[in-house]
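To start, the structure under review is shown below, and the notes come after it.
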Amino acid sequence: MEWTRLVVLELEPGEAYAHACGEAEWIVLPLAGAATVTCRGSGGGAPDPAAQVFELHGRAGVFQGTTDFAYVPRDSHVEVTSTAGGRFALAGARCGQRLPARYGPAAAVPVELRGAGRCSRQVNNFAAAGPAGFPCDRLIAVEVLTPGGNWSSYPPHKHDEHHPGEESRLEEIYYFEIAPHGDTPGFGYQRVSPSPAGKTDVLAEVRTGDAVLIPDGWHGPSIAAPGHDMYYLNVMAGPGATREWLIRDHPDHGWIRATWPGQGIDPRLPYPQAPQTVPQTAPQTEAPR
């Protein structure tokens, strides 16, 4: 991928992972567990000995609430140390501007309920684009939680061409975790179909730990098998001068939006959340993620 980056770590208690940020900005996001994130700046030579340290309280798992996170800038050196063992995602984007390292509290993550009926899903907008989003140079990242049996990323949509005010050019990575049913591992399905601007054609069965790369194409639906809730982390970035998420619906499937106003949100939503310090976004029908 030209713009997007993703690293997923499985760390034992006390284990540390050292990471050179290079030309990308990164967010360290706990998937399960807590961690200490130590960030040292770099002027192009040896790492600056002065460090910023962020204690991430994390969460028990991706279905157990929003999480705090740490933003670390390009050209810095980072160490992620697990407190008691866990799983952590480093979501990154190639960028030009070097922003300061910062802490993102779980309680400030805007939580949004989208769609209706069997298209109901929850979006944790921890690093969404827009004036109210967490500031990054190019990185856009959100979490989507879909109850078992539901479809998300529907209607299929794309963002692989630049049309000012209508569509932004963004690569995307989907990273999945699927809830088991007892001892039975979970699974789901992800579709990416060719668009006029791209050739990506994927129909994949996805399980915990899988990632689907989307350099272009119509993407969706993301289908959660009945009895198996689906989580995915979306990592997006592109060459546009403005950090924005503008999409086009697939012309054959956009009509599904018109059916949502007569349906309710799936009663299994929302999932547990951290105490909110910002209002929860009301259910809406505009965005497909």
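Between residue 107 and residue 241, the simple label model (points 7 Å from Cα in the Cβ direction) yields a spacing of 4.0 nm.
Remark: the Cα gyration tensor places region 1-136 in the oblate category, a/c being 1.5 or greater and a/b not exceeding b/c.
Taking θ as phi - 60° and the Karplus parameters 6.51, -1.76 and 1.60, the scalar couplings of region 195-200 work out to 10, x, 9, x, 10, 4 Hz in sequence order, x denoting glycine and proline.
Judged by the ratio a/c of the largest to the smallest principal axis of the C-alpha gyration tensor, region 193-266 counts as oblate, that ratio being 1.5 or greater while a/b is no larger than b/c. Placing 260, 151, 245 in order of accessible area, with the largest value first and a 1.4 Å probe, yields 151, 245, 260. Summarised as an ellipsoid, the chain has semi-axes of 30, 22, 17 Å, derived from the eigenvalues of the Cα gyration tensor scaled by 5 and square-rooted, with the largest first. Charges on Cβ only, +1 for Lys and Arg, -1 for Asp and Glu, centred on the Cα centroid of the chain; of 263, 221, 99, which one is farthest towards the dipole's positive end? In the chain, that residue is 263. If the chain linking residue 211 and residue 10 were pulled fully straight, counting 0.36 nm for each residue of separation and taking away their Cα-Cα distance, it would gain 70.8 nm. Highest mean packing comes first when the peptides 172-185, 10-23, 208-221 are listed by Cβ atoms within 10 Å, giving 208-221, 172-185, 10-23. Label-to-label distance, residue 57 versus residue 97, with points set 7 angstrom from Cα along the beta-carbon direction: 3.0 nm. For region 210-278, a simple Cβ point-charge model (Lys and Arg +1, Asp and Glu -1, everything else neutral) yields a dipole of about 180 debye relative to the Cα centre. How would you classify region 62-143 from its alpha-carbon gyration tensor, with a ≥ b ≥ c the square roots of the eigenvalues: rounded for a/c under 1.5, else prolate if a/b is greater than b/c, otherwise oblate? In terms of gyration-tensor shape, oblate. Placing a label point 7 Å from the Cα of residue 50 along the Cα-to-Cβ direction, the residues of region 90-117 whose backbone N falls under 13 Å of that point are 101.
Against the criterion of solvent-accessible heavy-atom surface with a 1.4 angstrom probe, 28, 202 sort, most first, into 202, 28. For region 156-172, the residues whose backbone nitrogen is under 16 Å from a point 7 Å from the Cα of residue 197, taken along Cα to Cβ, are 157-172.
The values are calculated or read from the model by the stated rules, or taken from the named source; none is laboratory data. Remember, predicted model here, so these are calculated numbers, not experimental data. Reconstructed Cβ throughout: ideal geometry from the backbone, glycine too, with neighbour counts over all protein chains shown. Note: areas computed on protein heavy atoms with side chains; ligands, DNA, RNA excluded. Shrake-Rupley method; radii C 1.70, N 1.55, O 1.52, S 1.80 Å.
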